[in-house]
Every structure is written in structure tokens, then in C-alpha cells.
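The values are calculated or read from the model by the stated rules, or taken from the named source; none is laboratory data. None of the values given here were measured: they were computed from a predicted structure. Here the Cβ positions follow ideal geometry from the backbone for every residue, glycine too, while neighbour counts run over all protein chains shown. Please note that ligands, DNA and RNA were not included when accessible areas were found on the heavy atoms of the full protein model with its side chains. Shrake-Rupley method; radii C 1.70, N 1.55, O 1.52, S 1.80 Å.
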2 protein chains.
Amino acid sequence: MRYKLNYLIFVFILFFASVSQATEPLPSWNDTQAKQRIIQFVKKVTDKNSADYVPPEERIAAFDNDGTLWAEKPVFFQIAFAFDRIKALAPEHPEWNNQQPFKAILENDHATLEKLGQKGILEILAVTHAGMTTTDFNNIVKEWIKTAKHPQKHVPYTDLVYQPMIELLEYLRANEFVTFIVSGGGVDFMRAWTEKSYGVPPQQVVGSSAKVKFEMKDGKPILMRLPEIFFIDDKTGKPEGIHRHIGRQPIMAFGNSDGDFEMLEWTTLRSDRPSLAMIVHHDDAEREWAYDRHDPLAKLDVALDAAKKNNWTVISMKNDWKTIFAKP
Amino acid sequence: MRYKLNYLIFVFILFFASVSQATEPLPSWNDTQAKQRIIQFVKKVTDKNSADYVPPEERIAAFDNDGTLWAEKPVFFQIAFAFDRIKALAPEHPEWNNQQPFKAILENDHATLEKLGQKGILEILAVTHAGMTTTDFNNIVKEWIKTAKHPQKHVPYTDLVYQPMIELLEYLRANEFVTFIVSGGGVDFMRAWTEKSYGVPPQQVVGSSAKVKFEMKDGKPILMRLPEIFFIDDKTGKPEGIHRHIGRQPIMAFGNSDGDFEMLEWTTLRSDRPSLAMIVHHDDAEREWAYDRHDPLAKLDVALDAAKKNNWTVISMKNDWKTIFAKP
């Protein structure tokens, strides 16, 4: 009896093991160098017999969001959110028809909007991202992400997340990595939808943030969003934000612009652990957009030059990805 | 064959289920109301058929550290670290023999130290917590926590973590809770040892922090710790820090002083989810220390008064805990 039970348990385990092996990882990636490097890296850091083995608690992977996990054209989607919000609030603010920067948004006056200085941006943020509780802001973003459509692709913004990156996030988590988003975008803007779209829970989202203020209102605690910036999670802010939030250096990082340069340096220029960094290169004008060195919002210049020197793989969206969007 | 296999799998599962049931949770807790409330709460929020069911991703539990997870007498252990550090550095600083606040530390002059104002505290922090890289600071704390001894108990500080709370952390994680530390203490001070002592990884530690600055030095990226405070995670800072770091309201919170008052309010004064908060009450002068309302460092006054009104359980260390310390 004992022999039979052991045997059947063995068969049972084998059956499940073979099911999980049968699923090939990263199906939306072409079988090019980028995919091969990822798989080789994951294999060696998860192999207990490898000199490059990394224990699960140190398997931290950091992903930029805009342009790395979802598209960012014609403008960062959080800017589209802010502009949509201004338009939604406009009926209560007739004065905006004659007041910049609101007038330019309401009239789709791109020439004026492109020249918006810091003052104009802060005025828009104050109206669209502050003056409400954190709960209310979360609900506003959730409603927008459910209903808003991309102006050129005419689909919900969350349809424009990159299918190969979704598969990469899942593949890493299946290998006991903890996947973090590390973005210049607003942390509370992202948290309203990253769990559903990426499987990344709020506590694994690092981003820019506004000051908040704890208050009791009618016997209930609230956090009011203030029109003041608390932290900008971009450029040198990325390694600083990673340290403050995660407290551990990632062993993998993915970005797409110079805003990610220092994060990639922080991840790879270390000798105590193996590491891998990659840059998503927007070179597919047909299926997505093509831009790099001179893009006004997402310049990829210094980081592109540093890629060869630092052994960072440049992912060609055109050649390395079979599919681009999660819902094509 | 098929019938037999199913049957054996059933037996197999039953065997493991009975093994896990045999381990009674929270063995170091007496069978009093506190323990019963914790178990009842965990049962209802993990029972899919309960109206109070909470999905795993929302099972956030927040724990204060000093006085809640480990002892805090005669002074916060991070202060002991700073004083030990001043003494270790003193040979390189002969001028400290005649310079306050260093002189008072070197001479164990408690009367002067008790009157240290903010300026003195910042001078001590600048010397002991800044001016080095984050990696160096981490190594300094790791070395201290391994070698330093508590002045009265004569054991390493990490022996003074509370065994009942260690069991509680493990019990919650076994029930798919994510356990966070939310402390007024320095986040980088705690992260050097919380994973080993509490099973809480660095990314689940929320605390006070210093500013850090990213730099390249000899081709390597470093983060320098600056002598400037970035965030104080205490009182109203606790719900603010929870929001910024976790992005979700906890459903359980544990504290021991008025510094935790707003965190307990933020956790429990909500109607969308069931919640549970408790206060560790230091009422065991024999096995630990006894203090509350008038303690100069860890006053428990407003929160103690609010406990009854808000249905927060006051844990009596004397009556509710069989054992106090992890290594008695």
C-alpha cells in the first residue's frame, strides 16, 4: 500500500510538472537575442547550482511604465487624463473659457499647450489631481480608465499595454521575482489600474507623488490631496525612489528613455549580483510609434549611447515583438 | 485505476490538511479575548462564504515597531545605536570630549541628554546616520545588531522581539495577509534586520527617512545619505506614509502609543471592509516594563482613551501573553 501511494503521488506530481513545462514562456516575443537573454538570465539566477543563483527575496525587477509597459503617444496618458478632466469640469468653471492654461485645453490649442511652463502644469495638476480625498481621486481615475478612449487608436488606454511585457511580468513572477513599477508618473494615478492590467498591486508601484494631509471629517479619517509635489520619481529620483520604497537594488530593470538612465545604472553597475537591463526602443512606426533621440517628452539619447558600453539590450519593438498591444 | 487514484489523492490531501490543522496558532498567547478576537477576525475575512470575506490582495496588516514588535526601554534601540556609534567614532574626534551633545553621550550624562533639543538630535543624526552611502549604513547597522547588547537585559537587541507578535506575523502571512511595519523609526535602520527577525522584507517596511542623493563615484552608482530629514512616519505621518507606500488601507493595525493613534483610526474608521486594531499595553514590570500615559518617549494616553470607543482591543502583556521575548 505504501509503495503504491508513493508511486501514485509521484505520477500525480509528474503530471502537473509536465503541464507547467509545456507552456513556453514569452510567446509574443520573437526568438531573437532579447528573448534569449531574458530566459538565460532567469534560468541562471533561479538555478540553485549556478554560481549566479539569487535567492527569491532578492529577485527584484523594476519596470518603467510610460513607453515601457504601455504606450505614451501622442502624450503621456496621464496628461490625456488631466485634459479630459479639465473638459469634464469646465461646465462648473465658465471663467476657464478666458483663462490660460484652461482655455488652450478646452480649445485643443496645441501651439499654446506645447509652450506650457511649470506654472501652467502646476495649475492643471492643482485642479485635476488635488483638492479631493485620495479615495475620490482613485474613483475618478478608475472611472476615466474604464470609459476614456485613445484619440488615435480609439480603444481604452489599457488596451495599449504591451502584450510582450505582460508576458514578461508573468514569467518573472512565476520565477519568484517581485515585479515593481518605477515610473515618473503619478503613483496614485497608476495604482487605480495597475493591479488589473499588470498584476502589480499598489504597494509595488513607485512613482511621483503629491503631498497628502490626514484629517478627521465628520468622524471619519480622510487624506486630502494637496496641490504640492512631494517627490518626482524620474532620472536620479528613480534610484532614490527605489531605495526609499523597495530598500533593495533590483537585479533587472526595463526602461525606454533617458528618464530611466540612472535606474539602469543603479541596477547593473554592481558586482555583488548578476543583473540585466533592457531598453524598449520605439522603432515601429507602423504598429506603434517611432521616436528616440529628439522626442520632446521621452528623449532616448544618453541611455541609448550607454547601452552598448553597459551591455544593456535594446529591444526592437519591430523585430523582437510578434505582437505589440494586449488587445490589438 | 481512476477511482483508486482519486481516492489516494484524497487521502494524501487529507493527511496534509490534518497536519496543518494540528498546529495551533499563536501558542504564546493565553486563551483570552485578544487571541480569540484575532482568530475570529482572520477566520471571517478568509472565509469565502462569509459576508466579511476580504480578498487576499486587500489583507494588509500594519505593525508599529518600537514597543509593538520589540521592546523600547530604556530608550528606543535606534537611539542606543546612535549613542554606541558616537562612542565608536569618538577616537577619531577628540574635539567631542568638549563639545555637546557628544560630550554628554561619551560621559553617559543622562541629565544633559534628557534635555537635548531638536538641534542636538539632528547633530547626532548627522554624524551617525548621514555622510555615508546607503550600503555602508546598512553594513554598519548589520554589524551593530549582531554585536551590541541591551544595557539591562545583556542580550542582543533582536532577542527582545516579542514572541507572541512573531507568531501573529506568521499566522497572518499563513492566511495570505501582507504584513507591513509602519514605524516612526528610520526605515533603513529597520531594514537591516527586519527580514531575519520578523520575516518582513525591506519593501514592506515603512518608516522615517533621510534624503539620499544619487551620484556616480569611480564609475559606480552610489546613494549618499544626507543630513536632512525627508519624512517623519509618526502620528498623522503614519496614514500618510501608509498611503504613499502601500496605497491601500490596512484591515488590521497594531500599535502601542499615541504615535499610532491616527494609523489605528485610518485602519478602523471605515465602513467598506471589516477591520481590527489592537494596542499593546506595557503593564508587565516584572517580565518587561510598565508604562503608558506619562511616558516621555512612548506616551499612550489619547489612544488608550479612544480604544473603548473605537472597539480597539488593549493587549495586556501581563495577562494575554504567556511568553514575552523571542529568546527569554
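Structure above, values below:
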{"item": "Cβ-Cβ FRET estimate between B:Glu92 and A:Ile232, R0 fixed at 35 Å, reported to 0.05", "result": "0.40"}
{"item": "Segment A:268-328, accessible surface, carbon-and-sulfur percent (1.4 angstrom probe)", "result": "48 percent"}
{"item": "Label point 7 Å beyond Cα along the C-beta direction, distances from A:Asn97 to other copies (nm, shortest first)", "result": "8.1"}
{"item": "DSSP bridge orientation in the protein assembly as shown - percent antiparallel, rounded to nearest 5", "result": "40 percent"}
{"item": "Helix axis angle, A:134-147 relative to chain A longest principal axis, alpha carbon, degrees", "result": "80 degrees"}
{"item": "For the protein assembly as shown: accessible area per residue (Å², 1.4 Å)", "result": "46 Å²"}
{"item": "Gaussian network model of chain B, springs between alpha carbon atoms under 10 Å - residue of B:Phe254, B:Phe41, B:Phe230 with greatest fluctuation", "result": "B:Phe230"}
{"item": "Peptide-level mean, for B:237-250, of C-beta atoms on other protein chains within 10 Å", "result": "6"}
{"item": "Rounded, prolate or oblate (a/c below 1.5 giving rounded, otherwise prolate when a/b exceeds b/c) for segment A:72-164 by Cα gyration tensor", "result": "oblate"}
{"item": "Mean-position separation - Cα centroids, segment A:182-208 and segment A:287-328, in angstrom", "result": "22 Å"}
{"item": "Sparse-neighbour loop sites [GluC sites (Glu not before Pro); segment A:240-313; at most 15 other C-beta within 10 Å; DSSP]", "result": "A:Glu286"}
{"item": "Degrees separating the helix B:33-46 axis from the principal Cα axis of chain B, which is the longest one", "result": "60 degrees"}
{"item": "Helix-only [θ]222 nm of chain A, DSSP H runs n ≥ 4, -39500 (n - 2.57) each, per residue, nearest 500", "result": "-12000 deg cm²/dmol"}
{"item": "At least 10 Å² accessible surface lost relative to isolated chain, residues of segment A:201-215 (1.4 Å probe)", "result": "A:Pro202, A:Gln203, A:Ser209, A:Val212, A:Phe214"}
{"item": "Estimated inter-spin distance, A:Lys211 and B:Ile121, nm [label 7 Å along Cα→Cβ]", "result": "2.0 nm"}
{"item": "Inter-copy spacing of B:Lys153 label points, which lie 7 Å from Cα along Cα→Cβ, given in nm from shortest upward", "result": "5.5"}
{"item": "Dipole magnitude of segment A:155-269, debye to nearest 20 (Cβ charges: Lys/Arg +1, Asp/Glu -1, about Cα centre)", "result": "480 debye"}
{"item": "Built amide H within the under 5 Å cut-off of B:Val206, gap 5+", "result": "B:Ile181, B:Val182, B:Ser183"}
{"item": "Chains A and B together, accessible area buried on both sides, 1.4 angstrom probe, square angstrom", "result": "3900 Å²"}
{"item": "Pseudo-label separations to other copies for B:Ala111 - Cα-to-Cβ vector, 7 Å, nm", "result": "7.8"}
{"item": "Apportionment of accessible area to carbon and sulfur, segment A:122-180, percent (1.4 Å)", "result": "52 percent"}
{"item": "Per-selection Rg to Rh, chain A - Cα, Kirkwood hydrodynamic radius", "result": "1.03"}
